[in-house]
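The values are calculated or read from the model by the stated rules, or taken from the named source; none is laboratory data. Values in this document were obtained by computation on a predicted structure and should not be read as measured data. Positions of Cβ are generated from backbone atoms using ideal geometry, with glycine treated the same way; all protein chains shown enter the neighbour counts. Remember, those area values only see protein heavy atoms, side chains included, never the ligands or the DNA or RNA. Shrake-Rupley method; radii C 1.70, N 1.55, O 1.52, S 1.80 Å.
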Amino acid sequence: MGKFFITTPIYYVNDVPHIGHAYTTIAADVLARFHRWLGDDVFFLTGTDEHGVNIYQVASAQGVDPRDWVDRIAAEFKRAWAELLISNDYFIRTTDARHEAGVRAFMERLYASGDIYKGRYEGKYCVNCERFYSEDELVDGLCPIHLRPPVWYAEDNYFFRLSKYADRLIAAIEDPEDPNHYEVEPPARRNEVLGKIRAGLLDISISRAIPWGVPLPFDPDQTVYVWVDALLNYITAIGFHDPAAFDRYWPADLHLMAKDIIWFHAVIWPALLLAVGLRPPRRVFAHGFFTVNGQKMSKTLGNVIRPGDLVRRFGVDATRWLLLSQFPFGQDGDISEGLMAQRYNAELANDLGNLVNRTVAMVNRYCEGVIPEPGPEEGPDGELKAAAVEAGQAFQAALAALDFSGAIAAINGLVARTNRYIEETAPWNLSRTDRRRLGTVLYNQAEVLRVLGHLVTPFMPETARTICRYIGVELDLSRPPAETVRWGQLPPRVRVEAAPKPLFPRI
Ligand code: MSP
């Protein structure tokens, strides 16, 4: 047991949330729920990034005051996360007065560090990324992420001496004994980041001459560069001003994001922290980027999927499960609604849903709705029990490694083994030939449901409750997973749900 401070990126409010944002946020939520179950003191942070050139322009283009615009879109993010059962402990907005005060305080400390100087910046800037690109980073002259032409910026700005930190960053990433050690994952991203640092770091401009942002305390004519403003959310949210509160959670245990913004999190952010004498986060993990039906998701292509679209089709729990099971976390992948529907029917409606419903139905039909007392172990019982134990262990190991599809596979494996157990033991025959054996078999089936009901919790919090209720117990997350899933804890003689509804109606 310890503390676990986990973050998602704070998302730009240039548009309402899509399933790219939902993907990272659901992944973080699964981990937050898992760590709460482990007994950790969890702080799960998400929020919105509301300053910068892009948002200012988007609001102006709509003829809306930026303040009204960001209020409106931030509310949409909050609504979307509530709909997806995201259990964040705090939702930060960079326009919050408390955040802005924290940004000013940090910038004063940074200025005092002596790593800030005034200079002139000229270069190509992608307004959507809110960052400069060098010629060799552009692809055919376009931003590699947004495939749009950058604009030329030339301004007098304040600079941060990032170049000075190259050696300290390399040591902090590579040496587990370094007092500022942090992990950059997965390995491909780590190598990429180290390679780029070794190739040389340029100082970065940390201010802009635009009105929509936090004024620099040492030069109010400029505002803090939106990326610096945004990164600071990770410390202002936990009370940068208040050392007692701050030390409870800092350093962050995991910054989660996609690979598009790994550079900011694995290089610029740790350097800014080192400059003011704070520890870098412990772990920065960048998952892959996904396309939708093989295409980049974009408004122009009209293929943007909103979280609500999936929720209406599959329900909340299945949406969470299906999004994380499409491809391995950490790799690039593709989301196809067709494949999601296939998987929904196969994995959730047929395998898991059917297992739950047929088990409860058998207890109702053969045992008057009461879970029977188990008899001595026989035949495949031992194997079923072993499968349940193994699934519990594999599930935990997978989530500790951020392997969501692995955790899902562990659950599916137990479901498949149990469905096979039912075919092997044929309770419908036992009901006529051997009531005692029937009792054992049905007890074992129900006990697997208890284990499964708990294991699915981080992914499918409502389904977890329903499965438990169907077998007459309450979801109990008060003890850590290893204890909860230990075999044989289902109390016999409890009453199961008399008329269970299908968990996942076929579509
Ligand atoms: N505001 C910055 C982040 C500041 S954090 C201090 C930003 N915002 S964003 O709205 O563009 O969000 C980018 C993030 O959204 C990605 O890193 C990822 O978490 C998520 N994704 C957006 N589209 C995605 C995919 N197509 N695939 C995977 N993740 C996606 O960058």
Original post:
Could you list, in sequence order, the residues of the range 278-301 that are open to solvent by 20 Å² or more (accessible area, probe 1.4 Å), among the small types (Gly, Ala, Ser) and in contact (Cβ under 8 Å) with a residue 12 or more places away in the chain?
Top reply: Gly294
Subject >> From the options Leu278, Leu256, Leu232, residue that is within 12 Å of the ligand (Cβ to nearest atom), under 22 Å from His181 (Cα atoms) and out of contact with any strand residue (DSSP E or B) (no Cβ under 7 Å at 6 or more places or on another chain) >> reply: Leu232
Original post:
Quick one: would you say Leu138 is more than 20 Å from Glu192 (Cβ to Cβ), without any contact (Cβ under 8 Å) to a residue 24 or more places away in the chain and surrounded by 13 or more Cβ atoms within 10 Å (Cβ to Cβ)?
Top reply: no
Original post:
Do you know which residues across the range 418-436 are assigned to a helix (DSSP H, G or I) and open to solvent by less than 20 Å² (accessible area, probe 1.4 Å)?
Top reply: Thr418, Tyr421, Ile422, Thr425, Pro427
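Each row is one residue, and each column tells you yes or no for (1) open to solvent by 20 Å² or more (accessible area, probe 1.4 Å); (2) under 21 Å from Pro280 (Cβ atoms); (3) not charged (D, E, K, R).
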| site | (1), (2), (3) |
| --- | --- |
| Arg148 | yes, no, no |
| Ala172 | no, yes, yes |
| Val184 | no, yes, yes |
| Val193 | no, yes, yes |
| Ser207 | no, no, yes |
| Val214 | no, no, yes |
| Asp229 | no, yes, no |
| His241 | yes, yes, yes |
| Pro251 | no, yes, yes |
**OP:** Sort out for me the helices (runs of 4 or more DSSP H) sitting completely within the range 4-91 that have 3 or more residues that are away from the ligand (no atom under 11 Å from the Cβ) and closer than 25 Å to Gln393 by Cα.
**Re:** 19-38
Original post:
Which one of Ala401, Ala391 is within 28 Å of the chain's Cα centre (by Cα), within 23 Å of Ala27 (Cα to Cα) and open to solvent by 40 Å² or more (accessible area, probe 1.4 Å)?
Top reply: Ala401
**OP:** Only residues that are in a helix (DSSP H, G or I) and free of Cβ contacts under 8 Å to residues at least 40 places away in the same chain: list them for the range 366-392, please.
**Re:** Gly382, Glu383, Ala386, Ala387, Glu390
Subject >> Residues of the range 138-163 satisfying the condition of being at pLDDT 90 or above, under 33 Å from the mean Cα position of the chain (by Cα) and within 21 Å of Trp269 (Cα to Cα) >> reply: Phe159, Phe160, Arg161, Leu162, Ser163
Subject >> Elements of type strands (runs of 3 or more DSSP E) in the range 171-275, at least 1 residues being hydrophobic (A, V, I, L, M, F, W, C) and either free of Cβ contacts under 8 Å to residues at least 40 places away in the same chain or in contact with a Gly (Cβ under 8 Å, 6 or more places away or on another chain) (or both) >> reply: 219-224, 254-258
